[in-house]
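Some notes on the structure that comes next.
The values are calculated or read from the model by the stated rules, or taken from the named source; none is laboratory data. Since we're looking at a predicted model, the values are computed, not measured. When we count neighbours, we look across all protein chains shown, and the Cβ atoms used for this are built from the backbone with ideal geometry, even at glycine.
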């Protein structure tokens, strides 16, 4: 493709995130939280949420914190989904590797996560339980694989009591699921042609 610029998937995700935040003017306003510093806390599986978190961190000059369960989830997508569903159904809140030691210093917390099993992932519940966000502004940014935010906003309302929860930035980012479905379709075609 001569003369045409090529953009990576990360560039597209980052641009979409910033456009949805209202461009530069909105970003300038967000740099000045009402009280305290700004924290970008996020959980990611495939990297989509990490891209958005990194863009926010650079633009807002905020602190960045990755939410990590003490026991990592399986790398295999289907095993990961099965474990997350079991944890969701049982109400399990996995221990995290670390927590934000100085959460009181932050007036605004951007909280990013993918939707797992039609709700906020278990490590997000663990994060909210471990950190008192009362009196803080909570700005969720959520990625999903095509099914929307499910019950995740209700989880935030229940677990982040006393926080001022702003409207969520929501973005469909279903590449992993779409890839898996394409591969299954392809294998189905191979199997049917060999029959």
Original post:
Residues 57, 83: which one is within 21 Å of residue 131 (Cβ to Cβ) and assigned to a helix (DSSP H, G or I)?
Top reply: 57
Subject >> Flag if residue 50 is outside any helix (DSSP H, G or I) and under 19 Å from residue 170 (Cβ atoms) >> reply: no
Original post:
Picking from 146, 107, which residue would you name as being touching a strand residue (DSSP E or B) at 6+ places or on another chain (Cβ under 9 Å) and either within 20 Å of residue 170 (Cα to Cα) or without any contact (Cβ under 8 Å) to a residue 12 or more places away in the chain (or both)?
Top reply: 146
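One line per residue, one yes/no per condition, for (1) out of contact with any strand residue (DSSP E or B) (no Cβ under 6 Å at 6 or more places or on another chain); (2) modelled with pLDDT of 95 or more; (3) within 25 Å of residue 158 (Cα to Cα):
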position	(1), (2), (3)
11	yes, no, no
20	no, no, no
25	yes, no, no
34	no, no, yes
39	no, yes, yes
48	no, no, no
53	no, no, yes
61	yes, no, no
75	yes, no, no
**OP:** Could you run through segment 77-87 and say how many residues are surrounded by 13 or more Cβ atoms within 10 Å (Cβ to Cβ) and either over 14 Å from residue 122 (Cβ atoms) or out of contact with any strand residue (DSSP E or B) (no Cβ under 6 Å at 6 or more places or on another chain) (or both)?
**Re:** 7
Subject >> Qualifying position, being over 19 Å from the mean Cα position of the chain (by Cα), surrounded by fewer than 16 Cβ atoms within 10 Å (Cβ to Cβ), modelled with pLDDT under 95 and in a loop (DSSP other than H, G, I, E, B), among 101, 132, 185 >> reply: 101
Original post:
Looking only at residues in segment 135-164 that are in a strand (DSSP E or B) and within 14 Å of the chain's Cα centre (by Cα), which one is surrounded by the most Cβ atoms within 10 Å (Cβ to Cβ)?
Top reply: 143
